[in-house]
Amino acid sequence: MDKKNSSTPNIAFIVSIYGGDRLLYVKASIESLINQDYQNFSIYIYLDGPVHESVREYLDRLSVINNSIRIFDGIKNKGLSIGLNFLIEKILDNDSFKYVARMDADDIATSDRLSVQVEYMEKNPEITVVGGYCLEFGENFESNIRKLPLLNSELRVRSIARSPFIHPTVMFRMDLFKMNHIRYPDVNKGEDLELFRNLILRGFQLANIPKILLHFRID
């Protein structure tokens, strides 16, 4: 199940999994990553504290047959920003990564998510972070397409009060972490908004793609 292809940019997917995450949702999420139409990526998973035994067994089996999946254990739950920063430090050890993509372990990526985002980033080198639309879904919830502004100027205005991105849809340039030493702020809540505000203040360019890249589970 190795999907490496040296002719395309290499991507690291970073995902945190928690004790309350259900096996059914985790499987749907991880398999949506494995089945991307894009070929050159690895999946870095951080277990933020103990997880259900069935989830752990599933991930262990998967990592044996797929050498693009790496799993790291956190002794206790420390929160999203700590987990993502941990994974960022790990991917910095691999000089081949050009982009870093985010997702949560209960969401489902569209099969073309990575190919769409990489194509956009390759054509728009001034953009540092790109996100997209999502389809919100869930039990006892009417499906809804969630759209955010597309342009950097619009996202600057939005960030005054709300996040400019649907966080699990974002893709970063690796240089943001490697050369500019950016990390998620260690806050109890809203680490994504604080990160994006920091990027805006430092003059980085942001954008959203007008396409559904993710099915966002509301449960």
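The values are calculated or read from the model by the stated rules, or taken from the named source; none is laboratory data. All values derive from a computational prediction rather than experimental measurement. A quick note on method: Cβ atoms are made from the backbone with ideal geometry, for glycine too, and the neighbour counts reach across all protein chains shown. Quick note on the areas: whole protein, heavy atoms, side chains included, nothing else; ligands and nucleic acids left out. Shrake-Rupley method; radii C 1.70, N 1.55, O 1.52, S 1.80 Å.
Brief remarks on what is shown
- Mean-position separation - Cα centroids, region 163-210 and region 37-100, in angstrom: 20 Å
- Probing with 1.4 Å while keeping every protein chain in the model, the per residue accessible area of the chain equals 47 Å².
- Sequence-distant contacts, meaning Cα pairs under 8 Å at least 6 residues apart, place the relative contact order of region 72-219 at 40 percent.
- Low-density loop positions, trypsin sites (Lys or Arg not before Pro), region 34-103 - DSSP coil, at most 10 other Cβ in 10 Å: 76
- Exposed GluC sites (Glu not before Pro) absent: longest stretch of the chain, with sites in DSSP loops and at most 12 other Cβ within 10 Å deemed exposed: 1-125
- Exceeding the 30 Å Cα-Cα cut-off - candidates 78/123; 76/211; 98/211; 76/123: 78/123; 76/211; 76/123
- Note on residue 175: accessible area approximately 90 square angstrom, rounded to 10, probe 1.4 Å, nucleic acids and ligands left out.
- Gyration tensor over alpha-carbon atoms, region 49-150, equivalent ellipsoid semi-axes in Å: 26, 22, 14
- A convex hull fitted around the alpha carbon atoms of the chain yields 120 Å³ per residue.
- The convex hull built on the alpha-carbon positions of region 1-64 has an orientation-averaged projected area of 4.3 nm².
- Using the Cβ-Cβ distance between residue 180 and residue 34 with R0 set to 30 Å, the FRET efficiency from 1/(1 + (r/R0)^6) comes to roughly 0.50.
- Cβ charges +1 (Lys, Arg) and -1 (Asp, Glu), total dipole of region 83-126, debye: 60 debye
- Whole-number D in µm²/s for region 164-219 (Stokes-Einstein; Kirkwood sum over Cα pairs; 10 °C, 1.306 mPa s): 124 µm²/s
- Straight-distance candidates among the aspartates and glutamates for linking to residue 189, with alpha-carbon spacing under 20 Å and chain neighbours fewer than 8 residues away dropped: 21, 48, 104, 106, 107, 219.
- HN-Hα J in Hz across region 162-169 - Karplus 6.51, -1.76, 1.60, θ = phi - 60°, x for Gly and Pro: 9, 5, x, 10, 7, 3, x, 9
- Across region 1-157, Cα pairs under 8 Å and at least six residues apart give a relative contact order of 30 percent.
- Solvent-accessible area of the chain (1.4 angstrom probe, protein heavy atoms only): carbon and sulfur portion equals 51 percent.
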